[in-house]
Amino acid sequence: MGLKNSFTPTGVRAGLISLMLLGGCAGAAGPGGINDPYEASNRKVHEFNRGVDRALVGPASEGYGGVVPQPVQRVVGNLANTLDLPGDIANNLLQFRLGHAAENTLRLATNLTFGVGGLFDFSSALGVRGKPTDFGETLHVWGVGEGVYMELPLAGPSTTRDTVGMVVDIALNPVRLALPEKEATAATAMKLFSRLGDRNRFSETVESILYDSADSYAQARLLYLQNRRFQLGQGTGSGDDDDFIDPYEDPYAE
């Protein structure tokens, strides 16, 4: 009940204003720079996140990968991806990227019908891969700067802009708003299990960053910023590469 109240329009608006002011007070980094004025507190959060991963997320993902058969894991991942599509479409429209919105709409319709409600990724078999996005990217398209680097409890590496985007994506998620409470909770659980599957699948990479690096905080920060800027077309590539898996990429949000 308290969580729902925190996502009222007034609560969301107040949170966004606070986060924007926080980012605006610290200046902006250059295209390849790092703006981390809160490094000391960020490092404490990073150590907390490492502890949670070592004690809870890592073992849970290993258990999930060991117990749940691969075909079932694929179905869970397909459903989670399908649940993301309405939010992707909404952000595509806010970005005025109508072609991307059309592609994601086609992907959603195809997977809901021929993919048996999203159990199977039929659209990818047809070559319709979709264009994943989020409100952080929408803010980027609108001209909002990156802001300062932040490490969030449980959610991990972020920036002021992406933190605001995450709050909006959770609060205004079309699936969460459209489904009854029990179904919305089930959708959240499905996405959590999908993230556990990702954590297990990329465990070697994640553990290399978190536990084998001389400075795991600096390594995670660098990889996050480079990857995110590349996704937004600020790197040397096109922004369509999703090979890098962020070890903290919002596993607990809708």
Inset, instruction - Scan the stretch 102-136 for residues that are closer than 14 Å to residue 79 by Cβ and touching a residue at least 40 places away in the same chain (Cβ under 8 Å) and jot them down. - result: 118, 119, 120, 121
Inset, instruction - For residue 149, work out the one condition from (1) buried (at least 22 other Cβ atoms within 10 Å of the Cβ); (2) free of Cβ contacts under 8 Å to residues at least 60 places away in the same chain it doesn't fulfil. - result: (2)
Inset, instruction - Take the residues in the stretch 109-143 that are within 19 Å of the chain's Cα centre (by Cα) and outside any loop (DSSP other than H, G, I, E, B), then tell me which one is farthest from residue 164 (Cα to Cα). - result: 141
Legend entry - Evaluation of residue 170 against (1) crowded, with 19+ Cβ neighbours inside 10 Å; (2) under 14 Å from the mean Cα position of the chain (by Cα); (3) at pLDDT 95 or above (one fails), failing number: (3)
Legend entry - For residue 74: the one exception among (1) loosely packed, with under 14 Cβ neighbours inside 10 Å; (2) over 26 Å from residue 219 (Cβ atoms); (3) not small (Gly, Ala, Ser): (1)
Legend entry - Of all residues making up the stretch 195-229, the number that are touching a Gly at 6+ places or on another chain (Cβ under 6 Å) and under 25 Å from residue 161 (Cα atoms): 1
Legend entry - Given (1) under 12 Å from the mean Cα position of the chain (by Cα); (2) within 26 Å of residue 219 (Cβ to Cβ); (3) surrounded by 20 or more Cβ atoms within 10 Å (Cβ to Cβ), number of the condition residue 159 does not satisfy: (1)
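The values are calculated or read from the model by the stated rules, or taken from the named source; none is laboratory data. Quick caveat: nothing in here was measured; it's all calculated off a predicted structure. Using ideal geometry, Cβ is built from the backbone for each residue, glycine included, and neighbour counts are taken over all protein chains shown.
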